[in-house]
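Below is one structure, written out as structure tokens, with a few remarks after it.
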């Protein structure tokens, strides 16, 4: 985890699952000088869509998960 990671509320199980998938895939949360970390999926549905696209394209999960649009 990096400095821009914000933990979800304790009882939000879906948000914790989403965070877990992102962290295990190697997605980073860097804080740059403009205070933006870029796109990160917020729901499990978004994660599943991007991971399915990554499997079809043979792309690394970490790269597909930070993409704002699904190809």
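The values are calculated or read from the model by the stated rules, or taken from the named source; none is laboratory data. Since this is a predicted model, take the numbers as computed values, not measurements. Backbone-built Cβ (ideal geometry, glycine too); neighbour counts: all protein chains shown.
Within region 1-39, the residues that satisfy the criterion of being modelled with pLDDT of 80 or more, part of a loop (DSSP other than H, G, I, E, B) and closer than 13 Å to residue 66 by Cβ are 26, 27.
Among the numbered criteria (1) at pLDDT below 90; (2) surrounded by 14 or more Cβ atoms within 10 Å (Cβ to Cβ); (3) closer than 18 Å to residue 67 by Cβ, which single criterion is violated by residue 49? The one condition residue 49 does not meet is (1).
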